[in-house]
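Beneath this line is the structure, given in structure tokens, with notes to follow.
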Amino acid sequence: MLNDKINGTIVWLKCKDCLAEYPTFIFSGDTDMATSGYRAYTSIESKKLFLYSMPEKLSKGTQVRLIRVDKAKPRKGEDFQAYLRRANNAKPVYVYKCIACTEGRSLSVKCMTTSELVKSGYDVVYE
Ligand SMILES: [Zn+2]
């Protein structure tokens with residue numbers, strides 16, 4: 001949680017192709033994005049994570065777009081019940097379009113708190 005109004009998680013991403021690393025912000029499921037209007041944009045150049053309260057304020061950074069969520073796939077010869085158990089325990093992998101090389105695929109490396117993000121050199125900016 002960032003403040004009273006914004007619930008969600010800072011996620012650190014790494015591109016499989018260009019190896020760029022940067023954060024994004026995932027709003028939690030109970031935040032109604034349509035009414036809250038919040039948007040998260042990332043600027044690698046200025047090392048800032050922008051959280052915009054109004055869409056008309058969007059000016060800096062790039063929106064990190066989710067492409068797909070990978071879930072565990074059945075393995076060859078695996079019993080169906082065993083697969084279901086494994087799939088239910090496995091964390092889904094979130095795959096994003098890389099904002100650095102624009103062609104690559106970025107995967108979530110870890111979740112972090114605001115202070116951990118600041119320690120890694122980024123600022124969180126509310127606009
Ligand atoms: Zn990349």
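Each value in this text was obtained by applying a stated rule to the coordinates, not by laboratory testing. Since the model is a prediction, treat every value here as computed from it, not as a measurement. Here the Cβ is made from the backbone with ideal geometry for all residues, glycine too, and neighbour counts use every protein chain on show.
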Open item on the list: 7 Å from Cα along Cα→Cβ at both residue 103 and residue 115: what's the point-to-point distance in nm?
Closed with: 4.2
- [ ] Mind giving me the nanometre distance, one decimal, between the label points for residue 88 and residue 60, set 7 Å out from Cα along Cα→Cβ?
- [x] 4.7
Task: Amide H contacts under 5 Å for residue 25, placed H, 5+ residues apart - done: 11
- [ ] Scan around residue 42 for amide H atoms under 5 Å from its own, H built in the peptide plane at 1.01 Å from N, and keep only partners 5 or more places away or cross-chain.
- [x] 50, 62, 63, 64
Open item on the list: Tell me the mean residue ellipticity at 222 nm calculated for the chain from its helices only (DSSP H runs of n ≥ 4, each -39500 (n - 2.57), averaged over every residue, nearest 500).
Closed with: -4000 deg cm²/dmol
Task: Three principal axis lengths of the range 78-127 [C-alpha, angstrom, descending] - done: 49, 29, 20
Open item on the list: Let's see if you can work this out: charge +1 on each Lys and Arg Cβ, -1 on each Asp and Glu Cβ, no other charges. What is the dipole magnitude of the range 8-126 about its Cα centre, in debye to the nearest 20?
Closed with: 400
- [ ] Identify, among 13, 28, 88, the residue whose Cα sits farthest towards the positive end of the charge dipole of the chain, taking +1 on the Cβ of Lys and Arg and -1 on the Cβ of Asp and Glu, with the dipole about the Cα centre.
- [x] 88
Task: Rg in Å to one decimal, and Dmax rounded to a whole Å, for the chain via C-alpha atoms - done: 16.5, 53
Open item on the list: Tell me the angle of helix 80-89 to the major Cα principal axis of the chain, expressed in degrees between 0 and 90 and rounded to the nearest ten.
Closed with: 20
TODO: Kindly point out, ordered by number, any Cys in the chain whose beta-carbon has no other cysteine beta-carbon under 4.7 Å away.
DONE: 111
